[in-house]
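*Asks:* Submitted below is the structure of interest, expressed as structure tokens.
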Amino acid sequence: MAIAAVDFYVFSGTGNTLLVAQAMADVFRQRHVDVRLMRLEASDPAQADPSRCLGLAFPVACFSTYPFIWRFIERLPPGQATPAFMVDTLAGFSSGIVGPLKKLIRSKGYAPIAARQITMPSNYFPRRIDEAGNQAKRDRGCAKARDYAAAILDGRAKWRRLPLVSDLLCRLSRSKALVGWLHAHGAALSADPAKCVRCGLCAKLCPVRNITLDPAPVFGMACELCMRCLAFCPKNAITFAGKTGPVYRAVKASDLLSP
């Protein structure tokens, strides 16, 4: 199946997924594919163009991915046997996303052609930041992403499915109980008024618009714990349950806010 154009919807928490998507986009462009990198959280799924190959990139969270990403995919318009691929980034293991997502997009009229999971540095409350080790992991991850993009274009990539295990883990990750837990624990985020400079960056980065300024950040009950606000606060003013520690970020905040 020849691919001439790709709309690549990307959500990245602290930058790992963005790096992977950019590496793939570079290969697509080198192979003369028209690719548009789109900020998933800032895009209207109803406006997706079914005449262009659909790409989805996101981090793994709670065995699958964040609820707002599932909602985005569910609201995509019907496909026209539109080819689709996915890539996710993770620190360890997950089997609750690849199969269920294949099932979902196929039910919407898309043709799932490829899926890949790529290991990147952990960004969830790391005990320490190993810059050299993290850079090596990012380099390996981006190399795998480039190989994956070439495999998609060459027709060598696959989208496999493990029905029983995948479906069970997906149901758990999307259960009302877990979503409620995420929201409740998101309320444990707070900003230290002595450190906060009221720049508003946290509110701009929040994919679910859970943060308002009054004038310091106020955290609502819709948080899905992507940790963008904590990772990119320029003054390290945001804490989780009052705890402080090293934060991981792979890119600049401005990179996440670019079109």
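*Asks:* For the chain, what relative contact order do you get, as a whole percent, if you take Cα pairs closer than 8 Å and at least 6 residues apart?
*Replies:* 21 percent
*Asks:* Something else: Pull out the extension gain between W181 and S122, defined as 0.36 nm times the separation in residues minus the alpha carbon to alpha carbon distance; nm, one decimal.
*Replies:* On the way: separation 59, 0.36 × 59 = 21.24 nm, distance 2.13 nm.
Full extension of this stretch gives 19.1 nm more.
*Asks:* Cα convex hull of the chain: how many Å³ per residue? Please list the in-between numbers first.
*Replies:* Numbers: hull volume 31.0 nm³, N = 259.
Cα-based convex hull of the chain, divided per residue, equals 120 Å³.
*Asks:* In terms of the Cα gyration tensor, with a ≥ b ≥ c the square roots of its eigenvalues, is the stretch 191-257 rounded because a/c is under 1.5, prolate because a/b exceeds b/c, or oblate? Walk me through the numbers on the way to the answer.
*Replies:* Working: a/c = 1.25, a/b = 1.07, b/c = 1.16.
Because its axes are fairly even, with a/c under 1.5, the stretch 191-257 counts as rounded.
*Asks:* Filter the chymotrypsin sites (Phe, Trp or Tyr not before Pro) in the stretch 1-94 down to the DSSP loop ones having no more than 13 other Cβ atoms within 10 Å, then list what survives. All intermediate terms of the calculation are to be shown ahead of the outcome.
*Replies:* Numbers: sites: F8, Y9, F11, F28, F63, F68, W70, F72, F85, F93; in loops: F11, F63, F93.
Qualifying residues, ordered by number: F93.
*Asks:* I've got another one for you. What spacing in nm lies between the two simple spin-label points modelled at K235 and A5, each 7 Å away from Cα in the Cβ direction?
*Replies:* The answer from the label model is 4.6 nm.
*Asks:* Would the stretch 46-111 count as rounded, prolate or oblate if I go by the C-alpha gyration tensor, calling it rounded below 1.5 in a/c and otherwise prolate when a/b exceeds b/c, oblate otherwise? Provide the component values of the computation, followed by the final result.
*Replies:* On the way: a/c = 2.08, a/b = 1.91, b/c = 1.09.
Judged from the Cα gyration tensor, the stretch 46-111 comes out prolate (a/c at least 1.5, a/b above b/c).
*Asks:* According to the square roots a ≥ b ≥ c of the eigenvalues of the Cα gyration tensor, what is the shape class of the stretch 1-69, taking rounded for a/c under 1.5, prolate for a/b larger than b/c otherwise, and oblate for the remainder? Kindly include the intermediate steps, with their values, before the conclusion.
*Replies:* On the way: a/c = 2.18, a/b = 1.42, b/c = 1.54.
Taking the square roots of the gyration eigenvalues as a ≥ b ≥ c, the stretch 1-69 is oblate.
FYI, it's all coordinate maths here, none of it is from the lab. Computed from a prediction, not measured in an experiment: that's the story for all the values here. Cβ sites come from the backbone with ideal geometry, for glycine too, and all protein chains shown count toward neighbours.
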